[in-house]
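Below: the structure, in structure tokens.
The values are calculated or read from the model by the stated rules, or taken from the named source; none is laboratory data. Remember, it's a predicted structure, so these values are computed and weren't measured experimentally. Don't worry about glycine lacking a Cβ; one is built from the backbone with ideal geometry, like all the others, and counts go over all protein chains shown.
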Amino acid sequence: MAMQTSVYLDYNATAPARPGVIDAISETLRLGAINPSSVHGPGREARKRVERAREQVAAMVGAEADQVVFTGSGTEANNLVITGSGHSRMLVSAVEHAAVLRTALTKAADCDVIPVLSDGVVDLAALETMLADDDTPTLVSVMAANNETGVLQPIADVVRIARAHGAKVHTDAVQAAGKIEIDFAAWDVDFMTLSAHKIGGPQGVGAVICRSRELLRPMVLGGGQENGLRAGTENVAGIVGFGVAAEMAAAEQADEALRLAALRDGMETALKAEAPHLKVVSDGAPRLPNTSCLTMPGVRNDTQVMAFDLAGIAVSAGSACSAGKVEPSHVLDAMGIADDEAVTAVRISLGEGSTDTHINSFVRAWLELWNRKGNSRTVAA
């Protein structure tokens, strides 16, 4: 059955697969039984396609092809870095995705959380102090862009501070890829993690970009795939799709960033004009051009998501990986936003298919819901 949603504004959860990606995956699957570890003709063809995709993904983020290690997801990529970097001590920001925060708190022998400021930007002074207080070899993990608020973190400053204390740096760039310019070499991080389905590629494919493969130990053992760092027969079709998506996203990134920022800013301006009590979370901080986290005073976010869904509009109440949860977001909590306000926040995230018509439909639906459920209570308060 076809989905009834006519306005999709949840690109940070997953981006619809690009037509070119679907074509490339289908064409690869039609080749039949291909295993890139085989030395016969079909195996060599599979290997050629995997290596071409490796080059495409590397090019998207300013890395070298031999720095790319394919995984089964962004979550697996984050787990590989955290468990395979050989560090017993980790410092992770309070607003990391659960794939980093939960994994580090569970797996690292010694893990401390770096606080963030009220705008969601990592507290660099706190990071400096935490590193200065303990000379244990440390891995610092700070995401490039937050999946809920869109806040961009000062990765160059994080790296500068970490290097001064001999620490290594990982950045989860799953949300940043394809939306802002990324330069792995210039950023000087040791590890970067990516996910295909956030840029219009297939689900079930991710990657670690590592300064040197010698910095990692495998998490999944077996054969020698991915130079021994990720055993298991490669998902050739998925990897091909990742490569095509990376090439397309890189080609469009600059123009799309300007277009989506204009749509996002126009939406926020229109809503603020009619609902002055609305808060745009982190609007004073650098943000992804496609992301807006909005509160609707007096109306819970689960109520909003359901109402918008009935109106044919798809939005999210925070991270897609927290589906079904109604407690306040750990990201908003870390920023000091009170629970009663945090539970009224929803995330709007735009992408390739977003148009003025979609934004106008959302603004109309938002104002109708607010006037019906929240406006009277907000004014009375």
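Annotations for the structure displayed:
- Any hit, the range 110-119, residues being outside the structural domain of D283 (by TED's automatic domain parsing), part of a helix (DSSP H, G or I), crowded, with 18+ Cβ neighbours inside 10 Å and modelled with pLDDT of 95 or more: no
- Within the range 96-123, the set of residues being more than 12 Å from N146 (Cβ to Cβ) and among the charged types (D, E, K, R) comprises R102, K107, D110, D112, D123.
- Within the set M219, M192, the sole residue that is farther than 24 Å from I22 by Cβ, in the same structural domain as E45 (by TED's automatic domain parsing) and modelled with pLDDT of 95 or more turns out to be M192.
- Test set (1) surrounded by 21 or more Cβ atoms within 10 Å (Cβ to Cβ); (2) over 12 Å from the mean Cα position of the chain (by Cα); (3) of a type outside the set (S, T, Y); (4) more than 22 Å from N79 (Cα to Cα) - V151 fails condition number: (2)
- From the options V174, V208, residue that is touching a Gly at 6+ places or on another chain (Cβ under 9 Å), under 21 Å from A99 (Cα atoms) and not in a loop (DSSP other than H, G, I, E, B): V208
- Residues that are closer than 15 Å to E247 by Cα and crowded, with 24+ Cβ neighbours inside 10 Å, drawn from the range 177-196: A177, G178, K179, I182, L194, S195, A196
- For the range 67-91, a residue qualifies if it is of a type in the set (D, E, K, R) and under 23 Å from the mean Cα position of the chain (by Cα), and exactly one does: E76.
- Flag for L127 being outside the structural domain of L350 (by TED's automatic domain parsing) and out of contact with any Ser or Thr (no Cβ under 8 Å at 6 or more places or on another chain): yes
- Filtered residue count, the range 134-165, keeping only those that are in a strand (DSSP E or B) and under 18 Å from T103 (Cα atoms): 4
- Failed criterion for V169 (all others in (1) assigned by TED's automatic domain parsing to the domain that holds V68; (2) part of a helix (DSSP H, G or I); (3) among the aliphatic types (A, V, I, L, M) hold): (2)
- Within the set A58, A94, A24, the sole residue that is at pLDDT 95 or above, within 20 Å of the chain's Cα centre (by Cα) and over 25 Å from V121 (Cα atoms) turns out to be A58.
- Members of the range 23-71 found to be part of a helix (DSSP H, G or I) and either in contact with a strand residue (DSSP E or B) (Cβ under 7 Å, 6 or more places away or on another chain) or not assigned by TED's automatic domain parsing to the domain that holds G201 (or both), listed by number: R54, V57, A58, Q67
- Exactly one residue among S85, S93, S118 is of a type in the set (G, A, S) and farther than 30 Å from P289 by Cα, and that residue is S85.
Conditions (1) of a type in the set (A, V, I, L, M); (2) in a helix (DSSP H, G or I); (3) touching a residue at least 40 places away in the same chain (Cβ under 8 Å), marked per residue:
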| site | (1), (2), (3) |
| --- | --- |
| S282 | no, no, yes |
| A285 | yes, no, yes |
| P289 | no, no, yes |
| C293 | no, no, yes |
| G298 | no, no, yes |
| T303 | no, yes, yes |
| D309 | no, yes, yes |
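- Among the residues making up the range 264-280, those that are assigned to a helix (DSSP H, G or I) and surrounded by fewer than 20 Cβ atoms within 10 Å (Cβ to Cβ) are D265, G266, E268, T269, A270, K272, A273, E274.
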